[in-house]
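The values are calculated or read from the model by the stated rules, or taken from the named source; none is laboratory data. Bear in mind that the values here come from a model prediction, so they are computed numbers and not experimental data. Cβ placement follows ideal geometry from the backbone for every residue including glycine, while neighbour counts extend to all protein chains displayed.
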Amino acid sequence: MRMLQSPGPVNWEVAAQVAAVVAGEGDRSPEAGERPQLEDLARAALTHVVGETGITLAAGAPVRVLSRGDWARLHLDALRPVLELLAGALERALDETGGDDDLDDPSGPETPTEPPPAGPFGLPIGPDAFAGIMGLMAPMLLGMQAGSMIGHLARHALGRYDLPLPTRDTPSLCFVAPNLAAFEEEWSLPRDELRFTVAIHEAVRVAERSVPWVQDHLARLAGEFVSAYEIDADAFTARFGEIDPSDPEAMQAMAGDPDALLGAMETPRLRAAGDRLLDVALVLEGYADTVSARITDRLVPGAGRIEEAVRRHRIERGEAERFIEGLLGLRLRREHYERGRAFCLGVVERAGPEGLNRLWETEAHLPTPAEIDAPGLWLARIDLPTSSA
């Protein structure tokens with residue numbers, strides 16, 4: 001019953017416990033010598049990135065060297081606003097399933113009603129108790145799913161911005177020390193070259209998020225996505241009508257499936273909101289890849305092999321992928337990254353790096369879906385003259 005009690009739409013205590021358990025296996029604190037080395041690499045990376053992008057606000061970004069648990073705690077806070085919007089969509093769905101038109105009919109006589117009979121742990125049972133049970137269970141289930149998502153991401157992340165997550169807190173350049181060490185060993189990569197490459201990737205993403213409107217725009221699109229969840233009350237009832245809240249194994253299985261709670265809600269409106277979020281995300285990632293490659297090609301001897309390893313690691317998220325797609329709609333695949341890079345390279349070929357950097361002048365400079373596939377259209381719209389490459 002304590003797990004079913006929550007002061008808000010998401011049980012953050014449960015989320016923190018689940019995230020810690022999922023992230024904990026193989027976790028460790030950064031070693032004494034790692035922190036100063038990684039901080040030095042980060043400062044050097046930021047200097048190069050500011051020179052390439054012209055985004056001077058990134059120069060003073062905080063640098064953090066984290067364990068997996070540290071990463072999970074950071075993102076439980078950073079993703080709280082969008083996940084609570086998601087909980088609001090579920091609450092509205094539960095209101096739909098719990099309505100009874102007869103009770104609102106003023107023409108009929110009032111009939112005294114008995115409270116629903118109580119089942120295990122004092123929970124109501126019977127056909128009229130479904131919405132009440134789900135109202136108790138939803139914050140816990142969302143807490144478990146949020147914790148699972150963040151815990152799985154913590155096991156995979158090399159830095160803060162491996163994914164364009166809709167966070168609004170102060171941009172920071174992060175390294176997840178145990179994951180970096182495991183990735184280096186798995187791919188037999190030179191330590192200094194790998195870590196500098198990761199630092200460059202993180203620094204470019206910090207620069208993007210230092211642009212005043214970028215984080216707000218990304219968070220707003222994510223909010224539109226999670227707010228677009230709708231529900232067919234009959235489908236929702238069919239999915240959850242057999243749940244026994246006193247069965248821990250059944251509850252665990254449902255919380256471990258990101259589609260279980262929200263899969264019945266997908267609609268054309270939701271897909272359209274997800275497409276808008278995806279288009280912005282792939283442009284952000286394409287820009288980051290293009291600028292990172294330009295820097296590492298100059299400065300890292302084994303840049304090609306390391307860049308390919310980083311790209312493969314990024315798209316092979318395993319269990320984390322299911323939660324990110326199911327809860328936040330970020331379904332980035334290799335083809336999306338390639339489409340974003342193709343747009344950015346097309347702009348650079350026509351107008352140089354300075355032309356591409358005009359992305360950040362105003363939110364209105366974000367390309368439309370058609371312009372992503374035709375960079376010349378984007379350049380024409382922002383009235384930037386092209387030059388033959």
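Among what's in the range 178-211 and is surrounded by fewer than 24 Cβ atoms within 10 Å (Cβ to Cβ) and among the small types (Gly, Ala, Ser), pick the residue that is farthest from Glu307 (Cα to Cα).
The residue in question is Ser210.
Ala351 is checked against (1) crowded, with 19+ Cβ neighbours inside 10 Å; (2) at pLDDT below 85; (3) not acidic (Asp, Glu) and fails just one. What number does that condition carry?
Of the numbered conditions (1) crowded, with 19+ Cβ neighbours inside 10 Å; (2) at pLDDT below 85; (3) not acidic (Asp, Glu), the odd one out for Ala351 is (2).
Can you tell me which residues in the range 309-323 are assigned to a helix (DSSP H, G or I) and surrounded by fewer than 20 Cβ atoms within 10 Å (Cβ to Cβ)?
Ala309, Arg311, Arg312, His313, Arg314, Ile315, Glu319, Arg322, listed by residue number.
Which one is modelled with the highest pLDDT among residues in the range 1-50 that are of a type in the set (S, T, N, Q) and over 26 Å from the mean Cα position of the chain (by Cα)?
Filtering the range 1-50 for residues that are of a type in the set (S, T, N, Q) and over 26 Å from the mean Cα position of the chain (by Cα), the one modelled with the highest pLDDT comes out as Thr47.
Listed here are the residues, each with its yes/no results for (1) more than 23 Å from Ile55 (Cβ to Cβ); (2) assigned to a loop (DSSP other than H, G, I, E, B).
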residue	(1), (2)
Arg331	yes, yes
Glu338	yes, no
Cys344	no, no
Val347	no, no
Gly355	no, no
Leu359	no, no
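A quick yes/no check of all residues on (1) part of a loop (DSSP other than H, G, I, E, B); (2) among the basic types (Lys, Arg); (3) farther than 25 Å from Ala303 by Cβ:
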site: Glu186; (1), (2), (3): no, no, no
site: Thr197; (1), (2), (3): no, no, no
site: Glu208; (1), (2), (3): no, no, no
site: Asp216; (1), (2), (3): no, no, yes
site: Arg220; (1), (2), (3): no, yes, yes
site: Val226; (1), (2), (3): no, no, yes
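Within the group Val10, Val14, Val49, which residue is crowded, with 19+ Cβ neighbours inside 10 Å and part of a loop (DSSP other than H, G, I, E, B)?
Val10
Got a sec? Which of Ala342, Ala389 is in contact with a helix residue (DSSP H, G or I) (Cβ under 8 Å, 6 or more places away or on another chain) and modelled with pLDDT under 95?
Answer to the selection: Ala389.
Condition check: of a type in the set (Val, Ile, Thr) and buried (at least 16 other Cβ atoms within 10 Å of the Cβ). Does Val21 satisfy that?
No: the conditions fail for Val21.
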